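Visitor: First, the structure itself, so that you have it in front of you.
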Amino acid sequence: MLDAQFTPQVPHTVRLSDYRPPDWLVPTVALDFDLAPGCTRVRATLTVTRNGAHDRPLVLDGQELRLLSLTVDGVADATQPVGEHLTLRLAGDTAVIETLVEIVPSANTRLMGLYASGGNLCTQCEAEGFRRITFFPDRPDVLSTYSVRMKADARAYPVLLANGNMVARGDDDGGDTHWAEWTDPWPKPCYLFALVAGDLQPLRDRFTTMSGREVQLAIWTAAADVPRCAHAMAALKTSMAWDEVHYGREYDLDVFNIVAVADFNFGAMENKGLNVFNSKYILADPETATDADFDAVAAVVAHEYFHNWTGNRITCRDWFQLSLKEGLTVFRDQQFSGDQGSRAVRRIDDVRSLRAVQFQEDAGPTAHPIRPDHYIEIGNFYTATVYNKGAEVIRMLYTLLGEAGFRAGTDLYFERHDGQAVTCEDFVRAMEDASGRDLTQFRRWYEQAGTPRVGVTLAHEGSTATITLTQTTPPTPGQPIKLPVHLPLRLALFDRASGARIGDERLVELTEATTTVVIPDVPTRPVLSLNRDFSAPVIVEHACPAADRVFLSAHDDDPFARYEALQQLALDTLSAEGPCDDLVAALGATLGGDDPAFIAEAVLLPTEAFIGDQAAVVAVDAIHARREAVRHAAATAHRDAWWAAYRGNADAAYAQTPEAKGRRRLKNVALGYLMATGEREAEVAAYAQFENANNMTDRIAALSVLANSDAPERTAALAAFYDRFKGDASVIDKWFSVQAMSSRADTLAATIALTRHPDFSHNPNRLRSLVGAFGVNQLRLHAADGAGYAFLADQVLSVDPVNPSTAARLMTPLGRWRRFDEGRAALMRAQLQRLLKTPRLSKDVFEMASKSLA
Ligand code: 0A1
Ligand code: ZN
């Protein structure tokens, strides 16, 4: 499939099976930075010690560093780096290595290492960015204590921050330059190193820990943004208290600093005592942030804070263990978020995104286990599988062990491994030892990729119900044969006549390919509710009559299961032609409920992408047409109820409470349905809402339905929104997104035109807002002529030389060619081949493209 003539040199594959402990340890590191954007000098003093009896050299990683001088035990050394390594043969068992290197932060467009963002200097070292700052054994199992000195222009960079505590500061050159010294008492891997120099102002607060330690908190941003940090600060304090109550974990430094930067590849970074955030996950006020943005800020603040124990105090032995910290920390942030509002709505949200992103990944060419066993570029493995499926695996442990058993397991894990770099196996063993449960088979979740399918049949004879459950996992690349996994399924039976549950919910543990559950004393054929609260990350295949789904959507006492019944009914209805009366009626019944937040989630139809995921071949246009037709039917059938939901929740005063957010959500979901009636009145209401909104949730919801329509106000609304918010990057991101996500026929043309807009740039948030958003627009990306694919590949090629990690993420949709008809598949493959033939392609994009074609 690859054209041999153009096949680039294949980059090196790193394998878990090749893991060896480090040959040399680095107990202490002293760094001295002379900071300036055009040229920064870094002097690093490393004490190194031989790890065990061997005669191997000390190999230091270094990338894009200019080595100015090197001494070993104070003696000048002429050794030069070869490729990306500096190899030193040392005679004794200890040595002091001092290097002086020069780096250019202003030219660092990859945003890995030390780089410039919005006039400030900041670092990002996970996973392998520290080697772009100084020569070092850049691997997470080398733990060191750091002392950092930095010096910079006092006017341009009045604030100098690093990990830990500031121990000294002063002026030089009559006050033109200044310096600060920071030390971090906790040994850490170099990926947790951070420094920031900038013109920043703090929002300050304090937190007293459970043992009475007073912690100074600060969130640093540009002065104008300080008031927009209040929500993040509140979330930080809530998280600190929550981790004490729920996991017994206390903060361990006197200061906790957070810095918000505009240019950042991911969401945020848990550097010890100095978290660096994508400003999108810090800044929030009602005018510019939606309710979803507020929730995301709190979740990410919590996530990074929780890493202080799950990631920092106990870190990963190697990058294959990434889910050790990420799966566990996502699970913890999900629990935290569930405790802040409606637990059911949070669960629905988490499952929706798992299915949208992780299930697709598991079904595609880059499917990998939550603990991968090989990679070319580790940056490609910060995936929904490692994070979100990883969290589901932890959640299954929680379900299997129960709250107390799980807590005993985490207590033991913290006690046993504090200060160490460990493996997923160490975590599972702690769970096993604390609970006494045998998790041998459970470990397969760490090794096997792919989403298990659970087939279900229900038989009823006399007064016995028999449920037969079979599990299979489809083959994934490199893993043709799968073994049964240990999975917990919550299930319950309901009495059709009374609507009541029959007996208690059961927790059934599947370990074999087939499991039979026999339930006595069931006088009439019951209705089966399965995988309640989504207890296992599987696809349930249950050919269940529509009437049972309708029943469960009304009567199930597990809210997730109620939501799920309606979703499955919708999927069945949308995946076939024919009448949609059952679904329309069930939507109407759900709309009559009394919890706005729940109703709003439950009545949303599955996305076109999710409908496509259910079919062997995604029928792009037919899915769109069918979904629009059903939406129209549901909109017109319940027209009055939608208007009631819209008007009845429209005048709610603005508040950031779960109740107010639920009402806004329902109102805006109703607006979507009202637009689907095609009534002019709906367009008028949308435009009025757009103009009069006192918050971003309402304004962007209205803009988004207008952007998706032919309403005469559409152009004016888009223009007014831009004028109102120009200069506010995170809001302008939304403006790009609503246009790229529109189902209108001119969306590709509009998206291409937007790449020429003066505000379009290679900033990762901006790229995601336009190109990333277009990439998930199933209807328009998959235009039959292939123009959407060509656009995506053009963008990947334009971004790759600048920021390969972001480029590699943008191309994911092209890898799904096997799911489409032959014509589209050929066009997608052609773009992947075009990428692969490009000279000087990054290893990030190479890995994604080559795996996608394999
Ligand atoms: N550990 C961070 C994720 C992260 C990874 C890489 C980054 O830069 C390339 C940045 C952040 C987290 O889980 O939040
Ligand atoms: Zn994380």
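Where a number appears in this text, it was derived from the coordinates with a stated rule and is not lab data. Just so it is clear, the model here is predicted, and its values are computed rather than measured. Cβ sites come from the backbone with ideal geometry, for glycine too, and all protein chains shown count toward neighbours.
Visitor: Taking θ as phi - 60°, what are the ³J(HN,Hα) couplings along region 704-714 by the Karplus curve (6.51, -1.76, 1.60), each to the nearest whole Hz, with x for Gly and Pro?
Guide: After applying 6.51 cos²θ - 1.76 cosθ + 1.60, I find 5, 5, 5, 5, 8, 10, 9, 4, x, 7, 3 Hz.
Visitor: I need the shape label for region 315-447. Rule: rounded when a/c is under 1.5, else prolate if a/b > b/c, else oblate, with a, b, c from the alpha carbon gyration tensor.
Guide: Working: a/c = 1.70, a/b = 1.10, b/c = 1.55.
The shape class here is oblate.
Visitor: Also, I was wondering about something else. In degrees from 0 to 90, rounded to the nearest 10, what is the angle of the helix 291-306 Cα long axis to the longest principal axis of the chain?
Guide: 40 degrees
Visitor: Please work out whether region 681-748 counts as rounded, prolate or oblate from its C-alpha gyration tensor, where a ≥ b ≥ c are the square roots of the eigenvalues and a/c under 1.5 means rounded, while otherwise a/b larger than b/c means prolate and anything else oblate? Show your work: numbers first, answer last.
Guide: Numbers: a/c = 1.79, a/b = 1.07, b/c = 1.68.
Since a/c reaches 1.5 but b/c is at least a/b, the shape of region 681-748 is classed as oblate.
Visitor: Quick one: putting +1 on the C-beta of Lys and Arg, -1 on the C-beta of Asp and Glu, what dipole do you get for the chain around its Cα centre, in Debye to the nearest 20?
Guide: Working: 85 positive and 110 negative charges, 217 e Å.
Charge dipole, the chain, about its Cα centre: 1040 debye, nearest 20.
Visitor: Right, another one. Rank by packing, highest mean first: peptides 566-574, 725-733, with packing defined as the count of other Cβ atoms within 10 Å averaged across residues. Write out the running numbers ahead of the final one.
Guide: On the way: 566-574: 22.4, 725-733: 17.1.
Top to bottom by mean Cβ count within 10 Å: 566-574, 725-733.
Visitor: Which lysines have a Cα lying under 27 Å from the Cα of Lys237, excluding residues fewer than 8 positions away in the same chain?
Guide: Lys188, Lys272, Lys280, Lys325, Lys661
Visitor: So, with +1 on the Cβ of K and R and -1 on the Cβ of D and E, and no other charges, what is the size of the charge dipole of region 1-100 about its Cα centre, to the nearest 20 debye?
Guide: Values: 8 positive and 13 negative charges, 19 e Å.
With only Lys, Arg, Asp and Glu charged at Cβ, the dipole is about 80 debye.
Visitor: Suppose R0 equals 25 Å. What FRET efficiency, 1/(1 + (r/R0)^6) with r the Cβ-Cβ distance, do Asp93 and Gln420 give to the nearest 0.05?
Guide: The value I calculate is 0.65.
Visitor: Note down the magnitude of the dipole of region 1-199 about its Cα centre, charges +1 on Lys and Arg C-beta and -1 on Asp and Glu C-beta and zero elsewhere, to the nearest 20 debye. If you can, show how the numbers build up before the last one.
Guide: Values: 17 positive and 26 negative charges, 63 e Å.
With Lys and Arg at +1 and Asp and Glu at -1, about 300 debye.
Visitor: Under 18 Å Cα to Cα from Lys482, which lysines show up? Leave out anything in the same chain fewer than 8 places away.
Guide: Reachable lysines: Lys389.
Visitor: Another question about this same structure. Show the residues, 5+ positions off or on another chain, whose built amide H is closer than 5 Å to the amide H of Leu195.
Guide: Thr123
Visitor: Could I ask something else about it? Using just the helices of the chain, give the 222 nm mean residue ellipticity in deg cm²/dmol: DSSP H runs with n ≥ 4 each add -39,500 (n - 2.57), and the total is spread over all residues, rounded to 500.
Guide: Working: 27 runs with 321 residues, N = 854.
It comes out at -11500 deg cm²/dmol, rounded to the nearest 500.
Visitor: To continue, here is another question. For a test of the definition: using alpha carbon positions, the gyration tensor, and the 1.5 limit on a/c, classify region 1-199 as rounded, prolate or oblate. Please list the in-between numbers first.
Guide: On the way: a/c = 1.88, a/b = 1.29, b/c = 1.45.
Oblate, because a/c is 1.5 or more while a/b does not exceed b/c.
Visitor: What does the highest-first list of 17-26, 608-617 look like by mean Cβ count within 10 Å?
Guide: Working: 17-26: 14.7, 608-617: 17.3.
Most protected by this proxy first, the peptides run 608-617, 17-26.
Visitor: Taking the Cβ of Arg647 as the center, what net charge do the other residues with Cβ under 13 Å away carry, scoring Lys and Arg +1 and Asp and Glu -1?
Guide: Details: positive: Arg639, Arg663, Lys667; negative: Asp640, Asp651, Glu681.
Taking every Cβ under 13 Å from that of Arg647, the sum is 0.
Visitor: With θ set to phi - 60°, apply the Karplus curve 6.51 cos²θ - 1.76 cosθ + 1.60 along region 643-654 and write out the HN-Hα couplings as whole Hz, x wherever there is a Gly or Pro.
Guide: 5, 5, 5, 5, 6, x, 10, 7, 9, 4, 5, 6
Visitor: Arrange the peptides 809-819, 622-632, 703-713 so that the one whose residues have, on average, the most other Cβ atoms within 10 Å appears first.
Guide: Numbers: 809-819: 22.2, 622-632: 16.7, 703-713: 19.8.
Taking the mean over residues of other Cβ atoms within 10 Å, the ranking is 809-819, 703-713, 622-632.
Visitor: Please list, or write none, the aspartates and glutamates whose alpha carbon is within less than 17 Å of the alpha carbon of Lys734, excluding same-chain residues fewer than 8 places away.
Guide: Asp263, Asp285, Glu287, Asp291, Asp293, Asp295, Glu691, Asp698, Asp723, Asp759
Visitor: Could you run the Karplus curve 6.51 cos²θ - 1.76 cosθ + 1.60 with θ = phi - 60° over region 254-270 and give me ³J(HN,Hα) per residue in whole Hz, x for Gly and Pro?
Guide: These are the phi-based 3J(HN,Hα) values: 7, 10, 9, 10, 10, 10, 9, 10, 7, 10, 7, 6, 10, x, 5, 9, 8 Hz.
Visitor: Then there is this: Output the Cα-based Rg and Dmax of region 421-484 in Å, rounding Rg to one decimal and Dmax to a whole number.
Guide: 16.8, 57
Visitor: How many nm separate the modelled label positions at Val82 and Ala356, each set 7 Å beyond the Cα in the direction of the Cβ?
Guide: It is 5.0 nm.
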